[in-house]
Structure formats: C-alpha cells, structure tokens
1. How large a share of the accessible area of the chain, in percent, is made up of carbon and sulfur atoms when the probe is 1.4 Å and the other protein chains stay in place?
2. Return the loop-located trypsin sites (Lys or Arg not before Pro) in the stretch 141-198 (DSSP other than H, G, I, E, B) with at most 14 other Cβ atoms within 10 Å of their own Cβ; answer none if there are none.
3. Find the centroid of the Cα atoms in the stretch 345-362 and in the stretch 270-318, then give the distance between the two in whole Å.
4. Out of the stretch 37-119, which chymotrypsin sites (Phe, Trp or Tyr not before Pro) are coil in DSSP terms and have no more than 15 other C-beta atoms within 10 Å?
5. Does the stretch 103-248 come out rounded, prolate or oblate, given a ≥ b ≥ c as the square roots of the eigenvalues of its C-alpha gyration tensor, rounded meaning a/c under 1.5 and, failing that, prolate meaning a/b above b/c?
6. Just to confirm a number: summing +1 for Lys and Arg and -1 for Asp and Glu over residues other than Pro135 whose beta-carbon lies under 15 angstrom from that of Pro135, what do you get?
7. Each residue of the stretch 190-207 in turn: what ³J(HN,Hα) in whole Hz from Karplus with 6.51, -1.76, 1.60 and θ = phi - 60°, glycine and Pro shown as x?
8. Give the shape of the stretch 236-278 as rounded, prolate or oblate, defined through the alpha-carbon gyration tensor: a ≥ b ≥ c are the square roots of its eigenvalues, a/c under 1.5 means rounded, and otherwise the shape is prolate if a/b is larger than b/c and oblate if not.
Amino acid sequence: MGLAILLSPPALLPAGAQTTVRADPASEAKAQPPAQAYNLPADKLHEAVTLGKIRPSIHFGAEFWQLAVLWILLATGAASRVARRIEAKIGHPWLQAATFSALLVLALYFAVDLPIGVIGHAISLHYGISVEGWPAWLSDQAKTVGLTLLLEVPALMLAFGLMRWARSRRRAWLWFAAASIPAMVLGAFLLPSLIEPLFNAYEPLAKSHPALVQQLERVVARTGTSIPPERMFLMKASEKSNGLNAYVTGIGSTKRIVVWDTTADRMPTDEILFTFAHEAGHYVLNHIVKGLAFAAAGSFVFFWAIARLAVWLVRRFGPAWRISAVSSLPGLVVLLLAFSLLQVMTEPIENFASRYIEHQADVYGQEAIHGLVPSPQATAVGAFNQLGQAYLDDPNPNRFLEFWTYDHPSIQSRATFAGHYDPWAPRQTPRFFPR
C-alpha cells in the first residue's frame, strides 16, 4: 500500500563452493575488465533479458493497479457507502475512523499487494531466485498484514483527527509531517531488533564464521572505524533465497552490518571483503542518518502537495464520488489516491538519491580494500558479476527504466566503473582515503 512510514524497498556459484580466508588467486587474472564488465552465460543471459521485461511490467502494473483500485472505490461510490454504514452503526468518531481505516487497509492489501506479491513470488521461484515454499511465504504475508494494520491504521486515524481538530485542520499536513519525523527515527531504531527477526533468523557472524570475522576486521582497521564483531550479524537467507546480499540497518545502539549466509558461504573472501567494505561505507558515511534527514525534509513538501492535490480532487470529482470534504471518512481514500499519485511521480527523485549514496558506498568500498586484496578493481568487478548472476540482472537495462525504477545503479554500470576506477594511479586522488 505504501502509506506505512518506513521503519528504511536484484549461474550461482556451485553449491559446494566454500569461503576461504585467503586472497582469491584468480583475481589478478581478472585485473583488466572485458569489453563489457558484467557478463552472463548464454542461458542465464536469456533469462535475465526476459526478467528485464517482466520486472518493470510488475513494477508499473502494481503502481497503476493501486491507483485503479482507489479510483474504483471512489467512482463507484463504494467508499462513501461503507463510510455511511459505519457512521450509522458506530457512534464515536475515533472508532469510526479506526474501522474505516482497517477496512481500507485490508481492501488494498487483498486487492493489490497480495496478488502482485503472488505473481512476483511465482516468478522468483520459477527462475530459482527464491527457494521459499508457498506455506512459508504465506506465513510471512500474514505477518505483513498484521504489521500493515499496526502501522497504517494509526497513520490514517492521525490524518483524520488532524483534519477535524480545530487547532490543526487548516494545516493538518504540517502537523502530520512533523509527527512523521519521530516515527521514522523510531522505526529505523526498532527495525533490526523487532521487525526484521519476525521474517528471518539472525545470529552473530562470529558464531559460524569466526575466520571470516577476522578477515573483516582487516577492513575495519583499514577504515579506522569502530565496527565491533558484536555488530556483525549473519542472516540465514538461504532458507528463502538464492540471492546474495549484505546491508546496514538500525541507528544508534541498534546499528549493525548484516551479511547473508549465501554471501558468506558462496563468494570468495576477497569479494566478501569488498561487499563488507561497501556496507562499511554506508556505516561510516552515515547514510541512514542522512537518508532520514532527507526524508524528513522532503516529507513537509510531500504532505503539503498531497493536501493540495486531495482538495483539488474533491472539488473536481467530489459530487460524483459523493464526498463533500477531504476531512470525511471517504476523504481518506482521496488522500491515499493523492499519496499514490505523488509517490509515482516522485519515484525518480527518491531513486536518484538512493543511487547516489550507493555509488558513494561502491567507491568507498573499493578504496577500503586497497592493499588488502591483489586487485581492488578485479575484486569489485567479480563481486558485481556474482550479484548480477544471483538475481539475473539484465546486462543492458533500458536507460529510462534504470532512471525511473532503479534504487541502485545497474550492475553493468557498477562493474564498468569498478573496472576502471584506480585512484592510486598517477595523477589520481582517492575520494575517502589518503594516498
């Protein structure tokens, strides 16, 4: 549904491949990138190209189907009819808002999120990216429904209350934006300790990969930062996915780096060091905090625009929808329609910012492993090829799709940059480390 405040979202190695604690002897042979830095075997290339067409269809289909469902609820009068029945049977305005909000959230989940999720999961299973069976997937969806209700119903109730309270009704958007900031910070703080463990199992990385932790501490020493082993976690992703990943999550005392077990078990150690260094870049460069600051500043403009658009929609279509004001119960559907429209329109801005910080982390990671691996360029290119093969990323994505929908630079562009980035070459200067 997209309303929930972010608590803030692509041939595998042989199954028997083991992680070692030495430099990859083949890395020197890959020092010079090929004409195209990211390549796939012919069979995988065909699958990647096909998925390169399927994924945007699902992406845009989900967005426009949500807009269509919201429009249907309004145009058919279903939203106003349900609101009148609730108002007739429930006397207290807050209970009316809670009931209507819950029904709206559930309607959107079962009409939009669940069917789109089923399609996406079926495709992931077909191409071997996901290994999670349908019972386990449905169990995760049940948890998602509960979290969605827990987060979005109070948010809708707050919006409804602010629009009706005398002191805030004229600038309800401003109050709502202000309230969203501590909610985002709290969500980012609680995400790794309360939310993520509901869906995946975690353990200290040192418990199962102590030798790898020793190698990662070389990166920590190189960066001069404090990322102690107790903030390094292993996620047991192999129970659900064949993908490769690592990420930074949390803020303050919950801030940590998480490495998927698929990454730890299947990638050569040099490439794991680069992947870890990339995540350390997010950690060191405070990208989570900066992202929260960006979101907080942008939320005021975003919610102001939602309020203006919602008012215009009611003026233009209100009589046909049988809605007299945005501050009514069916007005919440209008707010969600305005929210969804603006979310689609601002998607490239958010993704541009995300690609920027991901590129920064790529640069930081490649510089951080200088002196730790024989060839940082070859190591980074190898890591990106592993990542692209695991998710069957199209080597030549459509430029418009990359601009509009990618929250990371394409694997091809990342690998190409990595293959040519050598800040220790004559007359070059590293961005984050001294020569």
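The values are calculated or read from the model by the stated rules, or taken from the named source; none is laboratory data. All values derive from a computational prediction rather than experimental measurement. Heads up, the Cβs are rebuilt from the backbone with ideal geometry, glycines too, and the neighbour counts pull from every protein chain shown. For the accessible areas, the whole protein counts, side chains as well, though only heavy atoms, and no ligand, DNA or RNA atoms are used. Shrake-Rupley method; radii C 1.70, N 1.55, O 1.52, S 1.80 Å.
1. 64 percent
2. Passing both the DSSP loop test and the Cβ count: Arg167.
3. So the separation of the two Cα centres works out to 9 Å.
4. The qualifying sites: there are none.
5. Oblate, since a/c reaches 1.5 and b/c is not below a/b.
6. -1
7. Each residue's phi maps through the Karplus curve to give 8, 3, x, 9, 10, 8, 4, x, 5, 10, 9, 8, 10, 8, x, 4, 5, 5 Hz.
8. Oblate shape, in that a/c is at least 1.5 and b/c is the bigger or equal ratio.
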